[in-house]
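Let me begin by presenting the structure, written as structure tokens, before commenting on it.
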Amino acid sequence: MRNGVTTAVKLNRRRPRNVTVLASSDNKLSSVLLPSFSACHKLRCVHSSAEKDEVSVSVEDDVIEEVIEQLGEKGVSSPHKLEEIIGDNYLAVLTRRELLMKRQEKIRNALEGLPAKSSNFDSRGFYDSIQGSNCENVIGYLPLPVGAVGPLTVNGEEFHVPMATTEGALVASTNRGARAISLSGGATSVVVKDGMTRSPCVALDSVAKAAEFAEWIESKEQWESINKSFSSTTRFGKLKHVTAKVAGRYVFLRFEASSGDAMGMNMVGKGVNQVLTDVIERYKVPIKLISLSGNMCTDKKPSAINWTNGRGKSVVCEAVIPATVVEKVLKTTVKDLVRLNVAKNLVGSSLAGSIGGNNAHAANLVAAVFLATGQDPAQVVESANCLTQIEAVDGNDGGVVISVTMPCIEVGTLGGGTGLTAQSACLEMLGVKGTAAGNPGMNAKKLAQIIAATVLAGELSLNSALASNHLISAHMDLNRSSKHVPKKFEQGKVQPGLKKQRTSHDQDLIGSEKGPKNQFLKLIRRLYASPPRTREDVVQEEDDDMDTNRQFNTPRLPIP
């Protein structure tokens, strides 16, 4: 009984689509036959008195087997169509999981750790929101921790930046950089260029015709008609220019356009497709479209053209950090920080032949903010292109000026994953959710500026940690959980063959000589050493490789 209404549910065990609802109110009965599997989860009864009563029925576990039985071979052979077949996104996910678990026992055990529903999470609403737009063959969702960095002062405004990551020490380190920046008066972040690109490939009958077509499409006489074709597909996209590059009989065209607050790939792609349709129809000789994307865009791949010409939002961000902040907050010196940046981010990256990799770990920060705000994670490849510069500041107080130059941050504040509840909330934290009222495009630009400032904070902190050799100790404290330590390394049990003394850092950095953490550190260091060795070899090698402060001259753990 609910609100004076007695409701009875009759479920046909053989035909789960056939559900009869009998509702009694004021001695009046109504019977409804619901022709959908969704009726097995949520039933709505409309009474003759115009009162509505919503009744939730917990028959999921009982119904799934019935659903699978009725689906038969169709459900097994077409699991990607379950939402369409069943008519209920939530029930389709549970059914798909059960089908997978029936195939292999290891899958059953694995899926126990992958949630699909929760009492404090709107699973039904979540699956409804992603259907047809974000993911297919859904079997659950992935809880991902989100940390906040801040306050981070950017262009005179304070932000608390959400970062989704599973790497311990990343948020803490970035927060230290944000603190140093805010104490120094904040960062200045500027968008110097804005344009999403798409580069189709077309073919002609000869190199002469290919060269002639390239010259024709770049001519001023063709701009008006090309721009008109592009603009016919969008209100917010504005075509900026078209360039052509000939390779044999192929011509690669690179269209660049602004895209408002959307990241813009679909918007620009749609416009380019219309341009090509019109051009191929009216050009004097046959043209064949090979691919709408010819890889000169360049999307989700490292490329020199993105590094030099930019793609998406090109952002430059800087901050001036006084010497006192460098020493007290970042725990290093101006001289050491400047020297490290030149050696690591400039010389080292040059020797590696890196494209867009003149930085310590820009991808760490970009990926974390991308995941939190619903951006495309694959575009971290080019969005993390970054040149970090650190120079000494002349004057009485000294200090450093640090800047990051990021030519291709590809972000949007609407479309894709930005519409999901959690990701939308993170955008709202930054004040950039959706479209900027009265000024389309400003929210996406502001998000790019915040991301560049977050990268600046992360670069400042990590380079400082490297300059003072604090990186390993920080990761040992914040990125190693004692719950993963094997029982044989619990307190009082020492691994045979390891010398019982401090092995890498000062006692105040490592903690107690006894206990699981230190034994685990010793195990990790041993794993990175050359096998096999005797105890005497280990003792001798450690003594030979340590300076007078008992610090390893050669670090035994990888450093970014």
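Points worth noting:
- Cα-projected label distance for Asn137 with Val190, points at 7 Å along beta-carbon direction, nm: 4.8 nm
- Accessible surface of segment 319-411, 1.4 Å probe, proportion on carbon and sulfur as whole %: 56 percent
- Whole-Hz ³J(HN,Hα) from phi, Karplus 6.51 cos²θ - 1.76 cosθ + 1.60, for segment 186-199, glycine and proline x: x, 10, 10, 10, 10, 8, 9, 7, 9, x, 7, 10, 9, 10
- Accessible area (Å², 1.4 Å probe, nearest 10) - Val192: 100 Å²
- Accessible-area value, Lys228, 1.4 Å probe, nucleic acids and ligands omitted, Å²: 150 Å²
- In this structure, the amide hydrogen of Ile290, modeled 1.01 Å from its nitrogen in the peptide plane, lies closer than 5 angstrom to those of Cys201, Val202, Ala203, counting only residues at least 5 positions away or on a different chain.
- About the centre of its Cα atoms, segment 283-409 shows a dipole size close to 540 debye [charges on the beta carbon of Lys, Arg (+1) and Asp, Glu (-1) only; nearest 20 debye].
- In Hz, Karplus ³J(HN,Hα) per residue of segment 224-239 (6.51, -1.76, 1.60; θ = phi - 60°; x = Gly, Pro): 4, 5, 5, 5, 5, 4, 5, 5, 5, 9, 8, 8, 9, x, 10, 5
- The Cα atoms of segment 194-342 define a convex hull whose projected area, averaged across directions, is 12.1 nm².
- Distance between the 7 Å Cα→Cβ label points at Lys245 and Leu346: 2.8 nm.
- Which listed pairs, of Lys238/Lys445; Lys81/Lys270; Lys313/Lys446; Lys193/Lys238; Lys270/Lys445, have C-alpha distances above 18 Å, in listed order: Lys81/Lys270; Lys270/Lys445
- The H on the amide N of Gly312, modeled in the peptide plane, is under 5 Å from the matching H of Gly195, Met196, Thr197, each at least 5 residues off or on a different chain.
- Per-peptide average of other Cβ atoms within 10 Å, ordering 208-215, 445-452 highest first: 445-452, 208-215
- Interchain or long-range residues, amide H under 5 Å from Gly412's placed H: Met263
- Extension gain (nm, one decimal) between Arg235 and Val393, 0.36 nm per residue minus Cα-Cα: 52.2 nm
- Applying 1/(1 + (r/R0)^6) with R0 = 25 Å to the Cβ-Cβ distance of Ala211 and Ser293 gives a FRET efficiency near 0.65.
- In the context of the full set of protein chains, segment 206-326 has a per residue accessible area of 49 Å² (1.4 Å probe).
- In order along segment 247-255, phi translates into HN-Hα couplings of 9, x, 8, 8, 10, 9, 9, 10, 8 Hz, rounded to whole numbers, per the Karplus curve 6.51 cos²θ - 1.76 cosθ + 1.60 with θ = phi - 60° and x for Gly and Pro.
- Cα-based convex hull, segment 159-233, per residue volume (Å³, whole number): 248 Å³
- Taking 0.36 nm per residue of sequence separation and removing the Cα-Cα distance, the Lys270/Lys102 pair yields an extension gain of 56.3 nm.
- Computed over segment 100-243: relative contact order in percent, which uses C-alpha pairs under 8 Å that are six or more apart: 13 percent
- Along each principal axis, taking the top coordinate minus the bottom one, the Cα set of segment 338-416 gives 49, 32, 17 Å in descending order.
- Counted residue by residue at 0.36 nm each, then reduced by the alpha carbon distance between them, the extension gain from Val285 to Asn109 reaches 57.2 nm.
- Placing +1 on the Cβ of every Lys and Arg and -1 on the Cβ of every Asp and Glu, with nothing else charged, gives segment 123-217 a dipole about its Cα centre of roughly 340 debye.
The values are calculated or read from the model by the stated rules, or taken from the named source; none is laboratory data. Keep in mind it's a predicted model, so treat the numbers as computed, not measured. With ideal geometry, Cβ positions are generated from the backbone for all residues, glycine too; neighbour counts draw on all protein chains shown. Keep in mind that these areas ignore ligands, DNA and RNA; they rest on the heavy atoms of the full protein, side chains included. Shrake-Rupley method; radii C 1.70, N 1.55, O 1.52, S 1.80 Å.
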